[in-house]
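Trainee: Mind having a look at this structure? Questions to follow.
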Amino acid sequence: MELLPRSPAEFGSARYWDRFFRQRGQRPFEWYGAFPELCPVLHKYVRPRDKVLVVGCGNSELSEQIYDVGMCEDIVNIDISDAVIRQMRERSASTRPKMSYLLMDMLQMDFPDAHFQVVLDKGTLDALLTDEEEATLAKVDQMFAEISRVLQVGGRYLCVSLAQAHVLKKAVEYFSREGWVVRVHQVASSGDKQQFVLPVFVYVMTKFRKIPGSAAQILEICPEEQDKPMRVESAEQLVAAVKDRQHYALLCSQISKTPCREQVSLDLCDKGSGKPRYTLHVVDCPSVKPSRDNHFAIFIIPQGRETEWLFGTEEGRRQLAASAGFGRLLTVALHREQHYEGMAGIQAELSGKVMELAPPGLPARQQVPFLSVGGDIGVRAVRHCGSSPLSGEFVVEDVKGDGTCYFRRLIFLQNRNVVQSEARLLAPTPLPGQKKRRKDKKKPSPTEAPGAIDKSYLCCEHHKAMVAGLCLLGGPDALPGELAVLVVGLGGGSLPLFVHDYFSQARVAVVEIDPSMLEVATRWFGFSQGDRMQVHVSDGLDYVAKLAAEAPAQYDAVMFDVDSKDLTVGMSCPPPAFVEKPFLQKVKTILKPEGVFVLNLVCRDARLKESVLATLRDVFPLLYARRIQGEVNEILWCQAGPAGRRCPAELGARARALEGALRQPGRPWDSSYVLADMLQAVHIL
């Protein structure tokens, strides 16, 4: 039996609908949206004393169900199909005396003006607005005009729809232009993903008198999980918000039926602010053999640790899922702008939502565990928020690491998953007049002064490798003594501070383009200037070019640790201009003949990386490379003359000797920092 129309235009044909309902018989036809799902929304806008008009009623049971539950009885149903009107009259004549069915075209209704408090439409607009042809849009305008005419001021047009973008946009633009309040509700689903995948929405257009000259729009969306509507600024934003929810529903349906070949990422936003509150990654682990208790688990990443390799990379999350022993692991990262009420609060907040992302084959009523490191959600305290024209918005925050250590971090919010600078904190000290914290209290109080910066500790592995490159300096048997070092890129200042403090005869010049970073480094990271440490606020390109012209061959080492603000380039460190051949020639000019150029290279574009390496080899014949395990960073040590070439054994010996010289009595040294280890994986390019 063929019920589908031969063309979209037939949806507006009385002949098509007569044939449709004769062939279908007495069985009710519901496009979508079962009454139990629609009922909570309808209850908000349909009152018992309202006079309700249902346009394009078909043989849906919606009117009957509204009548039978006592929501409202004064209901008029219209349709252009004579067959369905006769069928529905017979079905309700004896049981619903106050409800009527009329053969009528909604584009030309016979009712007087302002006759109804509610007009209800379930799928009729969707059926009419099948395309955006001029004739179709004209019919829709006529439909909207008639609905507007028969509704009283303060009346509601309730439209049940799948909210295709062109349908929603047309309705929103028409009624908001007329001065109506437009609100879109997402209907709570029954949870049966096998039945209907796409979410159902109800547009609620409330009629107000149009104020001449007023361009104000009131547009709102009310997601299924909350009653409080969220205001949006434009029809485009409303359409985008609905589209996000449609994509989420399709995603949930897809991953509930088949395992994910690739990791899926999504943000859950705060109900009040609309800002991201949780970032979820769905990680499937095919190597785990399924059993009743290992289908699914939720892993809460402790605050501040979301950038670590294990939690912040695809490979790391795969390893985490495999070691946890679950077929599907859902990792949850917490956002710094949000407040959380501990593990129990997060579990209560997420328990319903995460089950929408459950894997196929999860047993009914299966208990899903929430996991974390040490059973808590970590500690994060934002110490400072700032903004600069050059670096954008940034934060300085203290976080608890793995164990009992605390770290201070600088994060640029345009690239919030990357730690720009990091320093370890010494044990916090009580404020004056404050009692010492009892031993059983493990978390620092917000009233405690932050601990001082541990300048002996280099948090970043690439900084350790950059310092290790100084082993290349000096003669065959000599270690570097008096050094002139230029560092381009200050950040929190950890790298130049370490060189200054541990190479006691070094003179360090730092070039930083952003004066805000100098202030941050000084105030929050223990950085200070002195006789052997000077900061020049300047563009590194200009500063090096000026030195090359006026004072060549004056530095033993030049270190580039400068990030790129252009996120569209596949190289985030350094900016491309810093590795162009004419500029690299200038870097070579300011180096002493046996000097070393140390570059922190972060490049995900393989072709671009090869091009950069080729350019470097043209300028610096001797290139050593040290990849940082678990990171994209690669440290390059570049020298102008092949005479400086050293074999791995010689590099190791020099590293051990240099470390011995740096470890002075009474001077703290991080025992995990072994210079020779930094040189083990070095290869010559």
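Trainee: So which residues in the stretch 614-638 are open to solvent by less than 30 Å² (accessible area, probe 1.4 Å), touching a Phe, Trp or Tyr at 6+ places or on another chain (Cβ under 6 Å) and either under 18 Å from ILE590 (Cβ atoms) or in a loop (DSSP other than H, G, I, E, B) (or both), if there are any at all?
Mentor: TRP637, CYS638
Trainee: I'd like to verify a number: residues in the stretch 379-396 that are open to solvent by less than 40 Å² (accessible area, probe 1.4 Å) and within 22 Å of SER564 (Cα to Cα), how many?
Mentor: 7
Trainee: Next question. Which residue, of LEU470, LEU495, is in contact with a Pro (Cβ under 7 Å, 6 or more places away or on another chain), hydrophobic (A, V, I, L, M, F, W, C) and within 29 Å of GLU650 (Cα to Cα)?
Mentor: Exactly one residue qualifies, and that residue is LEU470.
Trainee: Further question on the same structure: Which members of the stretch 58-71 meet the condition of being surrounded by 20 or more Cβ atoms within 10 Å (Cβ to Cβ) and in contact with a Leu (Cβ under 9 Å, 6 or more places away or on another chain)?
Mentor: LEU62, SER63, ILE66 - these are the residues of the stretch 58-71 that are surrounded by 20 or more Cβ atoms within 10 Å (Cβ to Cβ) and in contact with a Leu (Cβ under 9 Å, 6 or more places away or on another chain).
Trainee: Return the residues of the stretch 541-558 that are farther than 15 Å from ILE513 by Cα and in contact (Cβ under 8 Å) with a residue 24 or more places away in the chain; say none if nothing qualifies.
Mentor: Across the stretch 541-558, the qualifying residues are LEU547, ALA548, ALA551, PRO552, ALA553, GLN554, TYR555, ASP556, ALA557, VAL558.
Trainee: Filter the stretch 98-121 for residues that are crowded, with 18+ Cβ neighbours inside 10 Å and acidic (Asp, Glu) and give the result.
Mentor: Matches in the stretch 98-121: ASP121 only.
Trainee: Quick one: which of ALA241, ALA322 is open to solvent by 20 Å² or more (accessible area, probe 1.4 Å), in a helix (DSSP H, G or I), of a type in the set (A, V, I, L, M, F, W, C) and modelled with pLDDT of 85 or more?
Mentor: Unique residue meeting the criteria: ALA322.
Trainee: What's the total number of residues in the stretch 325-346 that are part of a loop (DSSP other than H, G, I, E, B), touching a helix residue (DSSP H, G or I) at 6+ places or on another chain (Cβ under 7 Å) and of a type in the set (A, V, I, L, M, F, W, C)?
Mentor: Qualifying residue count for the region: 0.
Trainee: Follow-up. Tally up the residues in the stretch 295-310 that are more than 18 Å from TYR406 (Cα to Cα) and either surrounded by 20 or more Cβ atoms within 10 Å (Cβ to Cβ) or out of contact with any helix residue (DSSP H, G or I) (no Cβ under 9 Å at 6 or more places or on another chain) (or both), please.
Mentor: Qualifying residue count, the stretch 295-310: 6.
Trainee: May I ask you to say which residue of ASP556, ASP501, ASP563, ASP539 is touching a Cys at 6+ places or on another chain (Cβ under 6 Å), open to solvent by 10 Å² or more (accessible area, probe 1.4 Å) and among the acidic types (Asp, Glu)?
Mentor: Criteria check complete, one pass: ASP563.
Trainee: I would also like to ask the following. Need the failing condition index for ALA127 against (1) touching a strand residue (DSSP E or B) at 6+ places or on another chain (Cβ under 6 Å); (2) in contact (Cβ under 8 Å) with a residue 60 or more places away in the chain; (3) small (Gly, Ala, Ser), just the number.
Mentor: (1)
Trainee: Can you pull out every residue in the stretch 355-378 that is over 30 Å from ARG261 (Cβ atoms) and open to solvent by 30 Å² or more (accessible area, probe 1.4 Å)?
Mentor: GLY374, GLY375, ASP376
Trainee: Could I ask something else about it? Consider the stretch 247-280. How many of its residues are among the basic types (Lys, Arg) and surrounded by 17 or more Cβ atoms within 10 Å (Cβ to Cβ)?
Mentor: 1
Trainee: Could I ask something else about it? What number of residues within the stretch 325-354 satisfy the criterion of being surrounded by 17 or more Cβ atoms within 10 Å (Cβ to Cβ) and of a type outside the set (Ser, Thr, Tyr)?
Mentor: Count: 13.
Trainee: Another one. Between THR130, THR95, THR124, which is in contact with a Pro (Cβ under 8 Å, 6 or more places away or on another chain), among the hydroxyl-bearing types (Ser, Thr, Tyr), open to solvent by 10 Å² or more (accessible area, probe 1.4 Å) and at negative phi?
Mentor: Just a single option satisfies the conditions, and that option is THR130.
Trainee: Which residue, of VAL288, VAL283, is surrounded by fewer than 21 Cβ atoms within 10 Å (Cβ to Cβ), β-branched (Val, Ile, Thr) and assigned by the TED database to the domain that holds TYR340?
Mentor: Only one candidate qualifies: VAL288.
Trainee: Which pairs have Cβ atoms under 6 Å, sit 6 or more apart or on different chains, and link a residue in the stretch 453-474 that is under 14 Å from LEU636 (Cβ atoms) to one that is assigned to a helix (DSSP H, G or I)?
Mentor: ALA465/MET678; ALA468/LEU675; ALA468/MET678; ALA468/LEU679
Trainee: Which residue, of LEU616, LEU591, LEU601, is over 25 Å from ALA549 (Cα atoms), modelled with pLDDT of 90 or more and assigned by the TED database to the domain that holds ASP563?
Mentor: Selected residue: LEU601, the only one of LEU616, LEU591, LEU601 that is over 25 Å from ALA549 (Cα atoms), modelled with pLDDT of 90 or more and assigned by the TED database to the domain that holds ASP563.
Trainee: I've got another one for you. When you check ALA657 against the structure, is it open to solvent by 10 Å² or more (accessible area, probe 1.4 Å), within 22 Å of VAL418 (Cα to Cα) and part of a helix (DSSP H, G or I), yes or no?
Mentor: So ALA657 does not fit the description; no.
Trainee: Just for strands (runs of 3 or more DSSP E) wholly inside the stretch 448-552: which have at least 3 residues that are hydroxyl-bearing (Ser, Thr, Tyr) and either at pLDDT below 90 or in the same structural domain as PRO576 (by the TED database) (or both)?
Mentor: Passing ranges: none, list empty.
Trainee: Look at the stretch 273-307 and say how many of its residues are more than 30 Å from GLU220 (Cβ to Cβ), of a type outside the set (Phe, Trp, Tyr), assigned to a strand (DSSP E or B) and out of contact with any Pro (no Cβ under 6 Å at 6 or more places or on another chain).
Mentor: The total comes to 5.
The values are calculated or read from the model by the stated rules, or taken from the named source; none is laboratory data. Keep in mind that this is a model prediction, so the values were computed, not measured. Cβ atoms come from the backbone with ideal geometry, glycine included; neighbour counts cover every protein chain shown. Ligands, DNA and RNA are excluded from the accessible area calculation, which covers all protein heavy atoms including side chains. Shrake-Rupley method; radii C 1.70, N 1.55, O 1.52, S 1.80 Å.
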